[in-house]
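Worksheet: one structure, shown below.
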Amino acid sequence: MDRGDDDGGGGDEVAATAAPPTDVPAERTARMRRERRKAQKKKKAPPAVDHQPNVMSELPFALASSAAWEQLGFTRTESTQKKRKRKRGDSGGRVDSEEEEKKKKKKQKESQRPNYFVSIPITNAQISAAVVEVQEAVLQQEPRLVKAMIPAPTLHITLLVTHLANQEQVGLAATALDKAMPSLAELLVGRDLVLPFSGVGHFRKEVVFVGLAPGQHRDTLEKLAEVLRRCFEEQGLLQGDSRGFEPHLTIMKLSKAPKLRSQGLKRVNPDFYSSYTDRFFGDQRVERVDLCSMLKKKQQDGYYHTESSLQLVYM
C-alpha cells in the first residue's frame, strides 16, 4: 500500500511537468496586447503633415532683401552678415572709385595746363646783352640761381597763353593769327610799334623782369593783345576770364628750379640787381607775332618751337 501511494504520487508530478502551460498570468497577457495594438497603430497611421505654410513660396521676389527678412522676424547669422557687408563694401568701393576717377578726369580736363603761347620775340641784341649782364651779376652773389635764369635766345613778351589739345587745334590757332591781321594793320596805321625796355622789377620776388617804359606804345600793345585774344576766342581756343595784361620781359623765375625751394631759396633778393633798377635796356621794334610751343624741342637758334608766325605789315 505504501508503495502504491508513492508510485501514484510520483506519476502525478511527472505529468504536471511535461504538459505545456495552459495558463498565462493576466498581467503579462495584458502587456503583450498593448504592444500589439501600438504596433498596429504605427502601421496604419498616415504620415505627419506640416500645416504651417511655406514662407519662401509665399514671399514675392521683391521681398527677398535683408530689410524684408528682418521685418518678418528672420535674423541672419553673424558670418552671413559679415559676408553681405563685405560684398556691399566691395561694390560700394568700386562705385566710389569709379566716381572719384570721373571727378579726377573732369578736374584735369577743366584745369589743363597751357602748352602754347603767343609772343613777341626779342631780336634786339642790345637788349639781350644787357639782360645777360644782369643775370651774371646775380649769379655772382647767388650761384644756385643759375637754373632759374631765362636763356637769352628765348627772351620774349607773352601776349596770351592757351592749351591746344591736338594738331587740329594748333591749326585753328594759326588761323586765328591770320584772321587778326586786318585788325592789327588798322591798329598800327603805318606807325612802327617800338617797345622801350627800362628798369628791373619783380613779382613777389619769385619772378624778375625788365619793365616796359610808360608811353603810348603800352596802350597800342595792350590793344594788339586784345585783338589776338578775341580771334582765339572766336576759334574756341580760349575760355573764361583773362587776367589783366601786364607786359614785361622775364629774365629769371624760381619756378624753373623747384628744388631751390627745398634748399631754402624761396625768394630772389632784390639787392642782387639793385644797380639795374633804372637801367635802360634798349628798344624792340615789333616785327612779328609767334605761336610757340612750351613743350616741343627748341629751334636751332635757341628760340621756342614756332608753329606759326604773323609778320606785321606797317602801311
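Residues whose amide H comes within less than 5 Å of that of N115, counting only those at least five positions distant or on another chain, are T162, H163, L164 (H built at 1.01 Å from N in the peptide plane). Other residues within the sphere of radius under 12 Å centred on the Cβ of A137, judged by their own Cβ, net out at -3 (K and R +1, D and E -1). Under a Cβ-Cβ cut-off of 13 Å, what is the net charge of the residues other than Y276 that fall near it, where Lys and Arg count +1 and Asp and Glu count -1? Local net charge: -3. A Cα-only calculation for segment 168-244 places Rg and Dmax at 15.2, 41 Å.
For segment 176-315, the normalised intensity computed at q = 0.14, 0.17, 0.21 Å⁻¹ comes to -0.87, -1.19, -1.39 (log10 of I(q)/I(0), Debye sum over alpha carbons, equal scatterers, no solvent).
Listed cross-link partners K179/K223; K256/K296; K147/K297; K147/K296; K104/K296; K147/K223 are compared with a 23 Å cut-off, the Cα-Cα value being larger for K104/K296; K147/K223. Across segment 286-303, coupling constants 3J(HN,Hα) worked out from phi with the 6.51/-1.76/1.60 Karplus curve, θ = phi - 60°, read 7, 9, 7, 10, 10, 9, 10, 9, 7, 9, 6, 4, 5, 6, 4, 7, x, 7 Hz, and Gly and Pro carry x.
Once divided by 2.2 N^0.38 Å, the Cα radius of gyration of segment 112-256 becomes 1.14. Neighbours of Q299, meaning other residues whose beta-carbon lies under 12 angstrom from its beta-carbon, give a summed charge of 0 when Lys and Arg score +1 and Asp and Glu score -1.
No lab work stands behind these numbers, since they all come straight from the coordinates. Keep in mind that what you see is a predicted model, and the values were worked out from it rather than measured. Note: ideal-geometry Cβ built from the backbone for every residue, glycine included; neighbour counts use all protein chains shown.
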